[in-house]
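To start, the structure itself, in structure tokens.
The values are calculated or read from the model by the stated rules, or taken from the named source; none is laboratory data. Bear in mind that the values here come from a model prediction, so they are computed numbers and not experimental data. Note that each Cβ is placed from the backbone with ideal geometry, even for glycine, and that neighbours are counted across all protein chains shown. In case anyone asks, the SASA skips ligands and DNA or RNA and just uses the protein heavy atoms, side chains included. Shrake-Rupley method; radii C 1.70, N 1.55, O 1.52, S 1.80 Å.
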Amino acid sequence: MIPAAQPQKSVDLGDLKIDHSSRRSLFTIAMTILASACMLLTLIPLIAVLTYVFLQGFRRFNLPLLTQLPPPPGLTEGGIANAILGTLIVVGIAAIISVPFGVLAAVFLAEFGKGNPLARWVRFATNVLSGVPSIVAGVFAYGLLVKTGLTGYSAIAGGVALSVLMLPTIIRTTDEALQIVPKEVRMASVGLGASNYQTILKIVLPAAVPSIITGVTLAIARAAGETAPLIFTALNSSFWPGGVLEPISSLSVLVYNFATVPYEPQKQLAWAGALILVLMVLMTSIAARLATRQKTY
Amino acid sequence: MTQQISTMTATETVIQAENVNIYYGSNLAVRNVFLDIPPRQITAFIGPSGCGKSTILRCFNRLNDLIEGFRLQGRITYHNHNLYAKDIDPVSVRRHIGMVFQKPNPFPKTIYDNVAYGPRVNNYEGNLDELVESSLRRAALWDEVKDKLGENGFSLSGGQQQRLSIARTIAVDPEVLLMDEPCSALDPIATLKIEELMKDLKEKYTIIIVTHNMQQAARVSDMTAFFNAEATAEQGGKVGYLVEFDETTKIFTQPSQEATQDYVSGRFG
Ligand SMILES: Nc1ncnc2c1ncn2[C@@H]1O[C@H](COP(=O)(O)OP(=O)(O)OP(=O)(O)O)[C@@H](O)[C@H]1O
Ligand SMILES: [Mg+2]
């Protein structure tokens, strides 16, 4: 039942060619130029900051910078090793607090929070918390731990302040990551005789791990650069970290302090500290990229 | 449960649905279903899209419990136990009644761990390596994956993933196997392999398969249930119902309902 061949109708195919003067093409060109210009404009401050910090900080870059204590005012040499270590410790404490709480809270939201009014409030509170200025988190830790004398000015107080800042990011990214895991995969696991908890722990959480790591590193990167909440919790110190209950030095507070003193060596250290801070944030971001290269869903 | 099974007679049914209505929220999805699924046979569910075949299938191992707003009226029994009774543990139900899904859905784990997952959560105590191998062999996948058991399940093609899902399900050794369009992502060769597998399995297992492929239903099944959907009073509402349930040969040669005749001969709608 093949239809009889019909005489070919001639079709005008002239409109297949690109016409650069058509309104559509002109609009496309204009929008491309506009978008590119905006992209360049936003890149300028970013590149300017990075190059300036790099040029300024790089002059002072040497081994003692990473291994020695800052010099007393007026003297040269020395390094900022205590501040580097301090930042790692304070951020580490913050991560130890916020990662388990944040991930488990997100598990509750994503897995048990359907239609649960409590979950709606937790989500709302998380969103509010993510907009809270960092100094408020500092005041909170100050009031909770320093003022009451529970820990005094200490690495722990600083860590608690930073963990408050990290929590919303971790909860939100984990919550989203868990919800992306398809319903069918949960059903498959449950259909094989796994309990809800086995399904969450063995299938859903592992599938979400790359995205959770991204969230955690983002949170860490943000927390590492915070100054305000540390000034009146972790305080500062010119010595090696003496324990989690002692005041502790950190890169951001060191930069804040040294950038404003009249001594040139200290100013140089401040630049070097800023550079190291930027490098640390850069490295965590790259690490996050590597960890999330293979997305599961 | 074991006691009960041993006292059963020859005319037993494995799964029985008695006047089942299923709701999603306030929408009635399926109404008035009566079914007696015979043991160690293949029962096919056929019918147009949206008539509730998957919905009924998921009720048989309580997977619908995971869906918000799901509600069931009537009774579904498994060896005379009401599956929706208060004292029934849905987790154990699913160990007896396994499911293969419409879409391939491997876990984000290695091929080996995909198959070993079910036995592991069920505290399997035998030789896991052997079980994984025999399950993969029966799902006609072993030869293609035996050298890369450590690779991620996602590295397989869609059809291979589906056979992995089948291997995963039979590794738990359920008594009843629910298969929701298991071959919709497979090429004809793999489809035939799966059909062979089903015929092998039915010596021990009871199988229910949903399929849109009439030839497949005619080829493999002993019993066939034809479902259809009708418009409800509400705007745009549709509710599925069972039109006819009989031996496959009867359904395909001399069905008692005209709608069945139209559907199996492709003259539908
Ligand atoms: N998770 C769900 N939530 C709400 N309604 C649902 C859900 N799953 C199915 N339904 C509804 O139930 C009815 C039956 O759907 P079901 O998936 O069982 O059909 P089906 O016969 O399997 O179709 P297909 O052949 O396309 O797979 C449909 O009207 C559908 O909209
Ligand atoms: Mg379906």
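Determine if the stretch B:168-190 includes at least one residue that is away from ligand 1 (no atom under 14 Å from the Cβ), part of a helix (DSSP H, G or I), open to solvent by 50 Å² or more (accessible area, probe 1.4 Å) and more than 27 Å from B:N61 (Cβ to Cβ). Outline the logic, then answer.
If we filter the stretch B:168-190 for residues that are away from ligand 1 (no atom under 14 Å from the Cβ), which is where we start, we get B:168-177, B:186-190.
Okay, now just the ones that are also part of a helix (DSSP H, G or I), so B:168-170, B:188-190.
Subsequent filtering for residues that are open to solvent by 50 Å² or more (accessible area, probe 1.4 Å) retains B:188-189.
Now drop any that are not more than 27 Å from B:N61 (Cβ to Cβ), which leaves B:188-189.
Scanning the stretch B:168-190, I find at least one residue that is away from ligand 1 (no atom under 14 Å from the Cβ), part of a helix (DSSP H, G or I), open to solvent by 50 Å² or more (accessible area, probe 1.4 Å) and more than 27 Å from B:N61 (Cβ to Cβ), so the answer is yes.
So, A:L282, is that one assigned to a helix (DSSP H, G or I) and crowded, with 18+ Cβ neighbours inside 10 Å or not?
Values: assigned to a helix (DSSP H, G or I): yes; crowded, with 18+ Cβ neighbours inside 10 Å: no.
Taking the combined requirement at face value, the residue does not satisfy it.
Looking for whichever is in contact (Cβ under 8 Å) with a residue 24 or more places away in the chain and either more than 9 Å from every other protein chain (Cβ to nearest Cβ) or farther than 19 Å from B:G52 by Cα (or both) here; the options are B:R120, B:R94. Which one fits? Show your work before the answer.
On the way: B:R120 fails: in contact (Cβ under 8 Å) with a residue 24 or more places away in the chain.
Of B:R120, B:R94, the one residue that is in contact (Cβ under 8 Å) with a residue 24 or more places away in the chain and either more than 9 Å from every other protein chain (Cβ to nearest Cβ) or farther than 19 Å from B:G52 by Cα (or both) is B:R94.
Only residues that are assigned to a strand (DSSP E or B), aromatic (F, W, Y) and within 16 Å of ligand 2 (Cβ to nearest atom): list them for the stretch B:51-109, please.
Just the residues of the stretch B:51-109 that are assigned to a strand (DSSP E or B), to begin with: B:70-78, B:81-82, B:97-100.
Subset that is aromatic (F, W, Y): B:70, B:78.
The answer is B:F70, and nothing else.
Hey, which of the helices (runs of 4 or more DSSP H) in the stretch A:81-178, taking only ones fully inside, have at least 3 residues that are modelled with pLDDT of 90 or more and under 14 Å from A:R222 (Cα atoms)?
So the answer is A:81-107, A:134-141.
Would you point out which residue out of B:A139, B:A167 is of a type in the set (G, A, S), away from chain A (no Cβ under 14 Å) and touching a residue at least 40 places away in the same chain (Cβ under 8 Å)?
Matching residue, one of B:A139, B:A167: B:A139.
Filter the stretch A:226-251 for residues that are over 25 Å from A:K147 (Cβ atoms) and open to solvent by 30 Å² or more (accessible area, probe 1.4 Å) and give the result.
Residue satisfying the conditions is A:W240 alone.
Does B:P48 satisfy the condition of being closer than 22 Å to B:M179 by Cβ, assigned to a loop (DSSP other than H, G, I, E, B), open to solvent by less than 40 Å² (accessible area, probe 1.4 Å) and away from ligand 1 (no atom under 16 Å from the Cβ)?
Taking the combined requirement at face value, the residue does not satisfy it.
Find all pairs meeting these conditions: Cβ atoms under 6 angstrom apart; at least six residues apart or on different chains; first residue within the stretch B:99-116 and facing chain A (nearest Cβ under 9 Å) and of a type in the set (F, W, Y); second residue within 16 Å of ligand 2 (Cβ to nearest atom) and open to solvent by less than 30 Å² (accessible area, probe 1.4 Å).
Between residues of the stretch B:99-116 that are facing chain A (nearest Cβ under 9 Å) and of a type in the set (F, W, Y) and residues that are within 16 Å of ligand 2 (Cβ to nearest atom) and open to solvent by less than 30 Å² (accessible area, probe 1.4 Å), the close pairs are B:F101/B:D180.
Go through the residues of the stretch B:11-20 one by one and say whether even a single one is in contact with a Ser or Thr (Cβ under 7 Å, 6 or more places away or on another chain), of a type outside the set (A, V, I, L, M) and surrounded by fewer than 23 Cβ atoms within 10 Å (Cβ to Cβ).
Yes, the stretch B:11-20 contains a residue that is in contact with a Ser or Thr (Cβ under 7 Å, 6 or more places away or on another chain), of a type outside the set (A, V, I, L, M) and surrounded by fewer than 23 Cβ atoms within 10 Å (Cβ to Cβ).
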